[in-house]
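Visitor: Sharing a structure, written as structure tokens. Questions coming.
Please treat every number below as a calculation from the coordinates, not as lab data. Owing to the predicted nature of the structure, the values given are computational and were not obtained by experimental measurement. FYI the Cβ positions are ideal-geometry reconstructions off the backbone, even for glycines, and counts take in every protein chain you see.
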Amino acid sequence: MRFRRNIGYGALCLSLACSFSAYAADYDLVIKNGRVIDPETMLDAVLNVGIKDGMIVKITPDDIKGSKTIDASKHVVAPGFIDTHFHALDGLSLKLAALDGVTTGMDLEAGAIHVAKWYAEKDKGWPLNYGTGVSQEMTRMRVHDTEIDTSKPNDATTVFELRGKSMQDGTPGWSVSRSSKEQLNQILEYLDEEFRQGALGLSSTVGYMTQGVTTYEMFKSQEAAARYGRFTGAHVRFHGNPSNPEGPLGFSEIFANAIALDAPLNLNHNNEYGWWENEEKLQAAREQGYNVWSEYYPYTAASTAISAEFFHPDKFKVLSGGLPYEEVIFDPVQNKFLTQAEWEKTSKEHPDRSIFAFNRKRDEWLPFWLRMPHMIVASDAMWSGKGIDSWDLNPTEYVGHPRTAGTRGKVLSKARELGVPLMFTIAQMSYWPAKHLGDTGLESMKMRGRLQEGKVADITIFDPLTVKDNATYTMGEQGLPTSGIPYVIVSGVPVVNKGVFDLSVKPGKSIRFPVEAKGKFKPVTVESWSEQHVIRSISIDAGGLAKP
């Protein structure tokens, strides 16, 4: 993708059908004097934007008027930031993400189960645009941990609790149990129904299920998504393993499946050992026309449940590259690094607690990620644990990873520091997520991630010279909001106004595929497999070959 700073005034007017005469209209909202940037058309110019009925209807150098006006002088007017790895689904965490510039937050890694009911709850009113994939992990719970009540629309905010409950009988079936043919078919049938109901893709945390999910189950699960043209987003097998060949093999598994199925693929947080090999393969596949991409977030530490299987002593030495627990695992509740004994005690008493796992190599790798085409910014934003009604809590009360509050601010400030073109950074945060999802057939993403006439007015306005993250790993600072983003607009409505989150408005829209009338489930049987993959035999008389 080639970038240029600006386009000529004549070309600008042709592309936007500008009028040289004064133009006045009754717009709901006008954004004036902002530096409008659109990575798809390469537009970069100071213009005025007219919004009506939630849509961008005019982009022009002429003076226009509206019921409300925002003066965006010395600010960038960009397509709203789209986060495809978004677990910030309670009040406080979502507010922090909005203050960081997010207009659309979709959980396409952990996902949800009973997605129709999940969407129905959000449809009652939500500040940001929302969407979800179907959770492979929680779907396996429905089959392998039947002692757990999974009848409700669970998502990332409850998955750690479900993991804890699965341990009560001594066996976390979702993680370690291999599926029989009957169980595999039940899982695939559940997945198929979720896709029929509009789930955006297969959300796989196979990295937490390395023992339980066979390679064949992974292939068939991706195939279930591919029947609907849906993508797979995966926290891959062996994620975080700092050795070769284990590190890249987890990606190679889902990548080979995607290529064989000609199916879309998103590699979740490609910010561990072997990322360079993965990116090289993804670029080669895109050159051949495959819809494949990856994501990163700009932090040294990861965050996950303290009881995750790769923290257990028999696996931790490999994960950490030989480092001791006290140099890797940080508990934000106790506000300290944990020794192995402290980890064992805390993980037993609080198996659902989120902790940080540090990898110092990420600091060396970040400059490459900031300049990597089609490597999108996806925060892996974590919920606060304070409940859905925690909107009014002070950001200092947030306990968790600073990526929830600071991902976009950190990316913008680091890119500025390293001289990365602003057009490129906005593409990573807005255009490329929308482009790849739109290419799966998702119409609502074809209308977002662009700053163009006729597109949805999801817009983030920020100061390119001062925008920065403020959240840190320190208790009390983990939720400090990003500064330099005064306005965040969803469907033409400011949800962040002069730097203040406005809960009185809930303009968020559902990001979802249409519900289909019929499912596409195909059970796995020996007979159907043989019919598809083996040549037919012929019936002959036992002695027939001896006859003249």
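Visitor: Under 9 Å from the Cβ of SER307, count the other residues' Cβ atoms, weight Lys and Arg +1, Asp and Glu -1, and hand me the total.
Guide: Values: positive: ARG163, LYS348, ARG353; negative: GLU309, ASP352.
After counting each charged neighbour, the total is +1.
Visitor: Return the FRET efficiency for the residue pair GLU280, LYS317: r is the Cβ-Cβ distance, R0 is 41 Å, and the value is rounded to the nearest 0.05. Before the final figure, lay out each step's value.
Guide: Numbers: r = 29 Å, r/R0 = 0.70.
Once rounded, the FRET efficiency stands at 0.90.
Visitor: Okay, moving on. At q = 0.14, 0.24, 0.28 Å⁻¹, what is the base-10 log of I(q)/I(0) for segment 301-358 according to the Debye formula with one equal point scatterer per Cα and no solvent? Please give it to two decimals.
Guide: Cα-only, vacuum Debye calculation for segment 301-358: -0.29, -0.93, -1.33.
Visitor: Sticking with this structure for a sec: Hey, can you grab everything whose amide H is under 5 Å from the amide H of PHE231? Only 5+ residues off in sequence or another chain; H modelled, so Pro and N-termini drop out.
Guide: LEU202
Visitor: What ranking, highest mean first, results for peptides 237-250, 465-478 when packing means the other Cβ atoms within 10 Å averaged over each residue?
Guide: On the way: 237-250: 19.1, 465-478: 17.6.
With the highest mean Cβ count within 10 Å placed first, the list reads 237-250, 465-478.
Visitor: Taking the Cβ of TRP275 as the center, what net charge do the other residues with Cβ under 12 Å away carry, scoring Lys and Arg +1 and Asp and Glu -1?
Guide: Details: positive: LYS281, LYS361, ARG362; negative: GLU272, GLU277, GLU279, GLU280, GLU295, GLU364.
Charge balance near TRP275 sits at -3.
Visitor: Once the principal axes of the Cα atoms of the chain are found, what is the range along each, listed largest first in whole angstroms?
Guide: Result, largest extent first: 94, 71, 42 Å.
Visitor: Then there is this: What order do you get for LEU442, LEU393 when you list them from fewest to most C-beta neighbours inside 10 Å? Walk me through the numbers before you get to the answer.
Guide: Details: LEU442 22, LEU393 18.
Least crowded to most crowded, the residues run LEU393, LEU442.
Visitor: Another question about this same structure. If you average 1/r across every pair of different Cα atoms in segment 165-316 and take the reciprocal, what Kirkwood value do you get, in Å?
Guide: On the way: mean 1/r = 0.0614 Å⁻¹.
About 16.3 Å for segment 165-316.
Visitor: Further question on the same structure: Report the paramagnetic label zone for ARG371: residues of segment 397-438 whose backbone N is under 11 Å from a point 7 Å from Cα along the Cα-to-Cβ axis.
Guide: Label zone hits: 418-421.
Visitor: Full-extension gain between SER539 and TYR216, please, as 0.36 nm times their residue separation minus the C-alpha to C-alpha distance. Don't skip to the answer; put the middle values down first.
Guide: Working: separation 323, 0.36 × 323 = 116.28 nm, distance 3.21 nm.
Taking SER539 through TYR216 to full extension adds about 113.1 nm, to one decimal.
Visitor: Write down the percent of antiparallel bridges among all DSSP beta bridges whose residues are both part of the chain, to the nearest 5.
Guide: On the way: 38 of 70 bridges.
About 55 percent, rounded to the nearest 5.
Visitor: Report the net charge of residues surrounding THR84, where surrounding means a beta-carbon distance below 9 angstrom and charges are Lys +1, Arg +1, Asp -1, Glu -1.
Guide: Values: positive: none; negative: ASP83, ASP107, GLU109, GLU295.
Here the charged neighbours net out to -4.
Visitor: Residue separation times 0.36 nm, minus the C-alpha to C-alpha distance between LYS498 and THR41: what's the value? Could the numbers behind the result be given before it?
Guide: Working: separation 457, 0.36 × 457 = 164.52 nm, distance 2.84 nm.
Difference between extended and current length: 161.7 nm.
Visitor: Need one number: nm distance between label points at GLU327 and LYS361, each 7 Å from Cα along Cα→Cβ, rounded to one decimal.
Guide: For GLU327 paired with LYS361, the spin-label model returns 1.4 nm.
Visitor: Which entries in the list LYS95/LYS518; LYS361/LYS468; LYS317/LYS345; LYS361/LYS509 go over 27 Å, if you measure between the two C-alpha atoms of each?
Guide: Values: LYS95/LYS518 38 Å; LYS361/LYS468 22 Å; LYS317/LYS345 18 Å; LYS361/LYS509 38 Å.
In this structure, LYS95/LYS518; LYS361/LYS509 lie more than 27 Å apart at Cα.
Visitor: Here's a follow-up. Debye sum, Cα scatterers, segment 174-238, no solvent: what log₁₀ I/I(0) at q = 0.18, 0.22, 0.28 1/Å?
Guide: -0.62, -0.91, -1.32
Visitor: Evaluate the Debye formula for segment 409-548 with equal point scatterers sitting on the alpha carbons, no solvent, and hand back log10 of I(q)/I(0) at q = 0.11, 0.16, 0.19 Å⁻¹, in q order, two decimals.
Guide: Values, matching the q order: -0.64, -1.02, -1.27.
Visitor: Once the piece of chain linking ALA256 and ASN33 is laid out straight, how much longer is it, given 0.36 nm per residue of separation minus the C-alpha distance between them?
Guide: On the way: separation 223, 0.36 × 223 = 80.28 nm, distance 4.81 nm.
That pair, ALA256 and ASN33, stretches by 75.5 nm at full extension.
Visitor: Here's a follow-up. Can you give the three extents of the C-alpha atoms in segment 115-230 along their principal axes, from longest to shortest, in whole Å?
Guide: In descending order, the Cα extents are 39, 33, 22 Å.
Visitor: Taking H placed 1.01 Å from N in the peptide plane, check which residues at least 5 places from GLU295 or on another chain put their amide H under 5 Å from its amide H.
Guide: Hits under the 5 Å cutoff: LEU267, HIS269, ASN270, ILE376.
Visitor: Estimate the FRET efficiency between GLN532 and SER73 by the formula 1/(1 + (r/R0)^6), using the beta-carbon distance for r and 60 Å for R0, to the nearest 0.05.
Guide: Efficiency at R0 = 60 Å is approximately 0.40.
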